[in-house]
Amino acid sequence: MRRRSAFTAVLGAALLLAAVPTSASAASGQFRYDYVTVEGNEASGFLNNPPSGQCLNLPGVGQENPQPGHSPKNRTDAWALVFTEPNCEGDSFTLRPQTGGGSERLKVRSVIFS
């Protein structure tokens with residue numbers, strides 16, 4: 001009888017651990033950038049609590065838009081490595097956490113957070 005109780009307790013604990021969701025690694029805060037739409041309008045893009053360690057192509061400045069984003073602002077708690085091309089290719093620049101970010105001359109199309 002004791003073995004059955006011990007087994008049931010261990011099984012219950014294992015099921016409980018499996019049911020508790022693990023937190024995904026993510027940067028807390030917001031990453032912002034400005035860009036000109038295909039139609040020629042000024043716009044701002046942003047990523048809220050972006051995932052860490054994953055290349056993210058910035059919405060609005062992908063292959064469909066010949067103009068890259070600019071003036072990135074890293075208001076997350078993680079380091080951001082921004083790239084001049086989609087898919088984290090091209091020249092890269094590092095932005096510290098919680099900074100105003102780069103100037104209008106800093107062009108961006110993708111980013112990865114660490």
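The values are calculated or read from the model by the stated rules, or taken from the named source; none is laboratory data. It should be emphasised that the depicted structure is a prediction, and the values quoted were computed from it without experimental measurement. Here the Cβ is made from the backbone with ideal geometry for all residues, glycine too, and neighbour counts use every protein chain on show.
Among the residues of segment 31-38, are any in contact with a helix residue (DSSP H, G or I) (Cβ under 6 Å, 6 or more places away or on another chain), without any contact (Cβ under 8 Å) to a residue 60 or more places away in the chain and part of a loop (DSSP other than H, G, I, E, B)? Among the residues of segment 31-38, not one is in contact with a helix residue (DSSP H, G or I) (Cβ under 6 Å, 6 or more places away or on another chain), without any contact (Cβ under 8 Å) to a residue 60 or more places away in the chain and part of a loop (DSSP other than H, G, I, E, B), which makes the answer no. For segment 91-114, a tally of residues being farther than 12 Å from Cys55 by Cβ and not in a loop (DSSP other than H, G, I, E, B) returns 6. Across segment 13-37, the number of residues qualifying as at pLDDT below 95 and under 30 Å from Pro66 (Cβ atoms) comes to 1.
Among the conditions (1) closer than 19 Å to Ser25 by Cβ; (2) in contact with a Gly (Cβ under 9 Å, 6 or more places away or on another chain); (3) of a type in the set (Val, Ile, Thr), the only one that Thr84 does not satisfy is (1). Total residues in segment 50-66 satisfying the condition of being surrounded by fewer than 16 Cβ atoms within 10 Å (Cβ to Cβ), assigned to a loop (DSSP other than H, G, I, E, B) and at pLDDT 95 or above: the figure is 4.
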